[in-house]
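A.B. asks: Let me begin by handing over the structure; questions about it come next.
The values are calculated or read from the model by the stated rules, or taken from the named source; none is laboratory data. Owing to the predicted nature of the structure, the values given are computational and were not obtained by experimental measurement. Cβ: placed from backbone, ideal geometry, glycine included. Neighbour counts: every protein chain shown.
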Amino acid sequence: MNLSIMELMTLVYKLLNEGREEEIQKKIADWGKAENLPLQDNFKYQFFKASYLYLTGDLQESLKIAEELYKEGKKHNILFNEIDAFLLKWSNLFMLGGVFNLWEDLLSYENTLKSLLEEPRSESQHRLAFVYYMKGYHFRAINDYNNAIIHFKKSIEIFKRFDTGPLIFPLILSALGMVYTGKGELDLALKTHEESLSYSKGNYMIINIVNATSFRGIGEIYFQKGDLGTAIEYYEKSLRIWEKYPTWLAQYWVGLNYYSLIKAFLSVNSSVEVQEYLNSFKEYLKKEKLSENFYWYKLSKARILKSSSRIRNRAEAERILKELANLFPVGQVATTIVVDLCDFYIDELKQTHDLEIIDDINPFIERLLNESKRTNSYSEIAITHLLQGQLALIQMNLGDARKYLTVAQKVAEEHGLQILARAISTEHDKLLEQLDEWDVLKSKKSSIIERIEKSSLDFTLDRMQGTRALDPPELIDEKPVLLLIMGDDGVTYFNHSFIEGWDEEDLFSGFMTAFNSFSSEFFSKSIDRIKIDENIILLKPVESFMVCYVIKGQSYPALMKLTRFSDAIKWKPEIWNALNKAVKTSEMLDLDNPVALGHTINEIFI
C-alpha cells in the first residue's frame, strides 16, 4: 500500500465525486481480506474505510474506527497517525454535535505541526490546513467572525497547493459564506456560497448537506434583499436535500427551512401556500415519528396565528411563544422565539397605543442581551441595543435613546461589524437632525404610530428577524472644521481649525456649555456626538483627556479617523508626554509642538 494518507484522502474524495463508489467499496473489501497487515498498512486501510464512511454518512461507525486509530497512534508513538486519526475523529464529532471538548487538543496539534513545517507542499502543511479549517468552524460557532475568516482563509491558501484543495473547498467556502452573512456582508456571502457550489461534485452525504447549507444561506441573502421568489427557490432546494437524511441534525434544518418558507409566504399574504407548507411539515413529522410539539412546527403555527387579525388567534400565538420561551431558555432557537415575542408585542403596541406594553417587552430584551453575551453574538447585542434606543425614543426619552445608540455602535465597531456600525451611526445622525421634530412630537403628545414610523423601529425588528438587509448609505468623507484636545476639567490643550479665518467663537462657546452639562456622559462613552447648528461634534475620551472633532457631514467615516487619532496620541510617546507636560505647565500644543502631532494630523485628517 504505497499511497500516503494525503493521497488516500484525495482518492476517496475523487472516486466519490466521479460517482465511482463501487470501486471504493471493492478496495475496502479487498484490503479487508488481507491477513497480518503491517501496522502502517492496517492504519491506511482503516483510515481509508473510515473516511469513506464519514463522507457517505455512517458517522458512528467512522467515529468508532477513528477513535481506535487514535489510541493506536498514541500507543505506538506515531505522530502523524495520531494527528490524522484526531482530525477524522473531530470531523465525525462535528457532525454529531460534540467537538468543543477537543479545542485544547486542536491547539496542541496546531503547535506541533507548525514546529514540523518543512516545505510548502509537505504533508504537515496539509494537516495544518485541516487544523485551520477546524479552528475556523470553532470561531464561527462562538460568533468570533474575524478569527473565523482568518482561519478559513489560511486553510484555503494552504489547500491551493494540493490536489485535495478543490475537493475540500466546498466545505470551507460554505462555512465562510455563513460567516459573511453573520457580519452583514451579504454580497460577499453570496459570492462565497456560489463559489462553494461551483466546486461541489458528487452525490454523497457530506457534499449534499454542504450544498444544502449554501442553498439555505443563499435563500436567506435573497430574503433579506427582498427577492422572495429566489429566496423560496433556494429554501426549497435546501429542504429537499435535508429531508433525505433521517438524523437529528437534518430534523433541525428541515424544520428551519419549513419555518423560513412559511415566513416568506406570510410576508406576501399567500395563505394558500402557507397552509400547504404547514401540511407538508406535518406529514414530515409523521414520517419521522416526531410530535407536533416539535419546536419549529410550533413556531411556524405561532407565526401564522400571529399574522391573523382575530384576537383569539393572536392570543393563541402569544401562548405558544411564551410556552416555547420557557422550554428554550438558551440557544439559537430561544433567540428566534424571543425576537418573535418582541415583534408580537410591538404589533400590540401599534394597535393599542398603550406604552405599558413596553414593560412586557423589556424582560425579553434582557433575555436577548444575556443570550447574545453568552454566545458572543455581537451583532445581536448591537441590534438589541439599537432596539432599546428606538423604544426609548417612542417613550420620548431622547437622552436614553442616544446612549443606547452610542453603545450599539461601539459594540459593532469593536467587533468588526462595519456595515452594522455604519447603519447604527446613520440612525444616530438622523436622530440628531430630527431633535427639534422630536421635541414637537413630545409637546403635542403625538400618536404611537407617528413615533414608531419616525424611530425606524420596524426596520430594526425586520433585521432581527432576518427579513431585511442592512443598507447603510454610501460613505462620503466629512468636511473637517475643528480638532480639540481637552482635559476632563474643560481646559483646552490643543486647538486646530481646518478652515482658515473661520470664527469658531460661537461654536466653541456652545460646545463648552454642552461639555460642562454632559462631561460625565462624554467620559463614560454614553454619548459620542452632539449637534450644534450645522456642525456635529464627535467625542472620544482618552484617559483623562477628551478629543473632539467638529465636522459637517456623515459621522461614521469621521469617527473612524477620530479613533485612529485618539489611539495615535496615546501610543506615540512624543505626543503623550507633551500632553501630560501641558497639564502641568498650561502650555498650548500646536502642529509643530510636538512635531509628531502635526504629522499625525496630516496623515489621518488631511
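A.B. asks: Can you list the helices (runs of 4 or more DSSP H) found entirely within the range 384-490 that contain at least 1 residues being in the same structural domain as GLN332 (by TED's automatic domain parsing), out of contact with any helix residue (DSSP H, G or I) (no Cβ under 7 Å at 6 or more places or on another chain) and surrounded by 20 or more Cβ atoms within 10 Å (Cβ to Cβ)?
C.D. replies: 398-414, 418-433
A.B. asks: Now, a different point. Taking the conditions exactly as written (within 24 Å of LEU11 (Cβ to Cβ) and aliphatic (A, V, I, L, M)), does LEU55 satisfy them or not?
C.D. replies: yes
A.B. asks: Scan LEU69, LEU88, LEU63 and give me the residue that is touching a residue at least 40 places away in the same chain (Cβ under 8 Å) and either assigned by TED's automatic domain parsing to the domain that holds SER4 or basic (Lys, Arg) (or both).
C.D. replies: Only one candidate qualifies: LEU88.
A.B. asks: Within the range 18-56, track down each residue that is buried (at least 19 other Cβ atoms within 10 Å of the Cβ), more than 15 Å from GLU7 (Cβ to Cβ) and either of a type outside the set (Ser, Thr, Tyr) or not assigned by TED's automatic domain parsing to the domain that holds ILE5 (or both).
C.D. replies: Scanning the range 18-56 gives GLN46, LYS49, ALA50, LEU53, LEU55.
A.B. asks: Only one of LEU559, LEU539 is part of a helix (DSSP H, G or I), in contact with a helix residue (DSSP H, G or I) (Cβ under 8 Å, 6 or more places away or on another chain) and buried (at least 21 other Cβ atoms within 10 Å of the Cβ). Can you tell me which?
C.D. replies: None of the other options fit; the residue is LEU559.
A.B. asks: May I ask you to verify whether LYS89 is buried (at least 21 other Cβ atoms within 10 Å of the Cβ), closer than 26 Å to SER124 by Cβ and among the basic types (Lys, Arg)?
C.D. replies: Criteria met by LYS89.
A.B. asks: Quickly run through the range 33-77 and pick out the residues that are under 29 Å from LEU249 (Cα atoms), outside any helix (DSSP H, G or I) and of a type in the set (D, E, K, R).
C.D. replies: The one that is under 29 Å from LEU249 (Cα atoms), outside any helix (DSSP H, G or I) and of a type in the set (D, E, K, R): ASP58.
A.B. asks: Continuing with this model, one more query. When PHE565 is evaluated against the numbered criteria (1) farther than 25 Å from ILE499 by Cα; (2) crowded, with 16+ Cβ neighbours inside 10 Å, which criterion, by number, is the only one it fails?
C.D. replies: (1)
A.B. asks: Here's a check for you: in the range 327-383, which residue that is over 24 Å from LYS263 (Cα atoms), in contact (Cβ under 8 Å) with a residue 12 or more places away in the chain and among the hydroxyl-bearing types (Ser, Thr, Tyr) is surrounded by the fewest Cβ atoms within 10 Å (Cβ to Cβ)?
C.D. replies: THR375
A.B. asks: Select from the range 306-326 the residues that are of a type in the set (A, V, I, L, M) and under 16 Å from PHE294 (Cα atoms) and write down the one among them that is surrounded by the fewest Cβ atoms within 10 Å (Cβ to Cβ).
C.D. replies: Filtering the range 306-326 for residues that are of a type in the set (A, V, I, L, M) and under 16 Å from PHE294 (Cα atoms), the one surrounded by the fewest Cβ atoms within 10 Å (Cβ to Cβ) comes out as ALA325.
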